[in-house]
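*Asks:* So that we are looking at the same thing, I have put the structure below in structure tokens.
Computed from the coordinates by the stated procedures, all read-outs in this text should not be read as laboratory data. Fair warning: this is a prediction, and the values are worked out from it, not measured in the lab. Cβ atoms come from the backbone with ideal geometry, glycine included; neighbour counts cover every protein chain shown.
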Amino acid sequence: MRARIKKNDIVIAVAGRERFSRKTGKVLMVQEEAGKVVVQGLNFVKRHTKPSSKNQKGGIVEQEAALPLSNVMLFCPRCKRGVRVGIKLLPDGTKVRICKRCGETLDR
């Protein structure tokens, strides 16, 4: 399945433990094969790390974990909410993503 969410997009959590806060964040990485996405500021987990040459101190580190693609929606700045995404072909032959709700172009 081809993801319509790309790196550096702004997304909003619509399912899982983050859905009640309705937090938004920037996409750091998309794992298309696994159907997951890593979002800045969402889905923090704690990792217990041993001291090593990279990490001198060790201890408990908080970092973002991957979320399923189905748990996030692209955020439309015009609608101020998560929206479904459509594809529109421009006259010059380029494809752009549009908001299905208001028709706003989501690609910069």
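*Asks:* Between residue 23 and residues 5 or more places away or on another chain, which pairs have amide H atoms under 5 Å apart, with H built 1.01 Å from N, and which residues are they?
*Replies:* Close amide H contacts, sequence-distant or interchain: 13.
*Asks:* Using the Karplus curve 6.51 cos²θ - 1.76 cosθ + 1.60 with θ = phi - 60°, what ³J(HN,Hα) values do you get for each residue of the range 48-58, in whole Hz, with x for Gly and Pro?
*Replies:* 8, 10, 7, x, 8, 5, 6, 10, 4, 7, x
*Asks:* While we're here: With the Cα gyration tensor of the range 55-104 giving a ≥ b ≥ c as the square roots of its eigenvalues, does the rule (a/c under 1.5 for rounded; else a/b larger than b/c for prolate; else oblate) give rounded, prolate or oblate?
*Replies:* Prolate shape, in that a/c is at least 1.5 and a/b is the bigger ratio.
*Asks:* Moving on. From the phi angles alone, apply the Karplus equation (6.51, -1.76, 1.60; θ = phi - 60°) to the range 6-19 and give each ³J(HN,Hα) in whole Hz, x where the residue is Gly or Pro.
*Replies:* 10, 4, 6, 6, 9, 10, 10, 6, 10, 8, x, 6, 8, 5
*Asks:* Further, regarding this structure: Counting other beta carbons within 10 Å of each Cβ, put 94, 24 in order, fewest first.
*Replies:* Final ranking by Cβ density, sparse to dense: 94, 24.
*Asks:* Need the full-extension length gain, residue 19 to residue 85, defined as separation in residues times 0.36 nm minus the C-alpha distance. One decimal, nm.
*Replies:* 21.8 nm
*Asks:* To continue, here is another question. Assuming 0.36 nm per residue, please report the length gained on full extension of the stretch residue 92 to residue 104 beyond their Cα-Cα distance.
*Replies:* Full extension of this stretch gives 2.5 nm more.
*Asks:* Shifting gears a bit: Where in the range 51-85 are there trypsin sites (Lys or Arg not before Pro) that are in a DSSP coil and have at most 13 other Cβ atoms within 10 angstrom of their Cβ?
*Replies:* Counting only loop positions with at most 13 other Cβ atoms within 10 Å, the trypsin sites (Lys or Arg not before Pro) in the range 51-85 are 54, 57, 78, 80, 84.
*Asks:* According to the Kirkwood expression over distinct Cα-Cα pairs, how big is the hydrodynamic radius of the chain, in Å? Before the final figure, lay out the partial values.
*Replies:* Working: mean 1/r = 0.0650 Å⁻¹.
The Cα-based Kirkwood calculation yields 15.4 Å.
*Asks:* Additional query: Only bridges whose two residues both fall in the chain count here: according to DSSP, what percent of them are antiparallel, nearest 5?
*Replies:* Beta bridges within the chain, antiparallel portion: roughly 100 percent.
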